[in-house]
């Protein structure tokens, strides 16, 4: 299994004489401080006693022994820095990133966050670990999806009766009543087609957790409500992803794979999509809002998305002027959703710009520098989380105002950004816009 290597490095630059971790992954290396400083003679002595189960028994230097134990001990709590760091590398395996390693290594000495608690055969731990890996790559939407899947599975397991725990988790029924339930690890071998079918049925009854809030006197507590088949499909695909990772890394046998033909088939959902009529589209395009209002912005972003083959709001917010061809009246972009997952084979999508597209662009743009955003919602100083939060707010406000516009125009269909379907209409609509 591919994983990072961890060794010690004696840093003599600037006369620091500090011991650091030299971490190497895919031919890239970074140094991480251990906080330990020694003389050159002490370093040579440490090298001679490295990788041993215990230092030379003849050594009586307490300071040296203390440093050795901090670096190498496997018997103390916490373990030495080197075995701690190597355990992180082993647990991360091919999901290793330097940022994720740093986050875990900074928890050294904090037993509640020790990587020893990460079980490579625990499905939920692997979902959480993959979420952290996605976060370190700033793939925040995917990270949230993996984390939500783990939370959902924890809720499912916590709902088990003693009979369910025996059936699905191979945990014997307690001999006495009111016996405390032991901590549960959802091992890959427990995720069988029967387990997944039961999970789907539970999701369709209780999958959407009730929001916790302070109750007023006499007010009934909120209850869990059904999740959609679409949500079930999303969570099961994330579960399938970590299962495939575990098979690839030889954590689990491929014979235990529970998905596909002869096993559990992930539901696709039942999202019936309908195209807007040409008349309704023209109503929205012709609609006049108060200039500079949020309603106008909502209308403009909806129309721009429509004219751009259903381009989503995240991609619209991320358009830069370097993506626009003024002469060819077009723009090209890589979908944010796939930009990081297809690094070696990024596909640029080309969109024609019409007169109304330009009207909308000119209404909002502040700068035409190549690296400037066309729409003024994001800036280069934002973190990935800030960008995601900003786009989420814009989507919410756009949907709010486009729904209000639809009511005013007597359009009964759901025309939010998520439901916007354009492909069927564009073939004859483009002729009108030319």
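Since every read-out is calculated from the coordinates, none of them should be taken as a lab result. If you're wondering where the values come from, they're calculated on a predicted model, not measured in any experiment. Neighbour counts run over all protein chains shown; Cβ positions are idealised from the backbone, glycine included.
Details
- Anisotropy class assigned to segment 196-327 is oblate, per the alpha carbon gyration tensor with a/c at or over the 1.5 cut-off and a/b no larger than b/c.
- Counting every other Cβ atom within 10 Å of each residue's Cβ, 43, 202 order from fewest to most as 43, 202.
- Each peptide among 285-295, 371-381 gets the average number of other Cβ atoms lying within 10 Å of its residues, and from highest to lowest they stand as 371-381, 285-295.
- Protection-proxy order for peptides 305-312, 158-165, 62-69, 92-99, each taking the mean of Cβ atoms within 10 Å per residue, highest first: 305-312, 92-99, 62-69, 158-165
- The ranking of 255, 245 by Cβ neighbour count inside 10 Å, starting from the fewest, reads 255, 245.
- Taking all Cα pairs closer than 8 Å and separated by 6 or more residues, the relative contact order of segment 342-397 comes to 18 percent.
- For 13, 74, 147, order by how many other beta-carbon atoms lie within 10 Å, fewest first: 13, 74, 147
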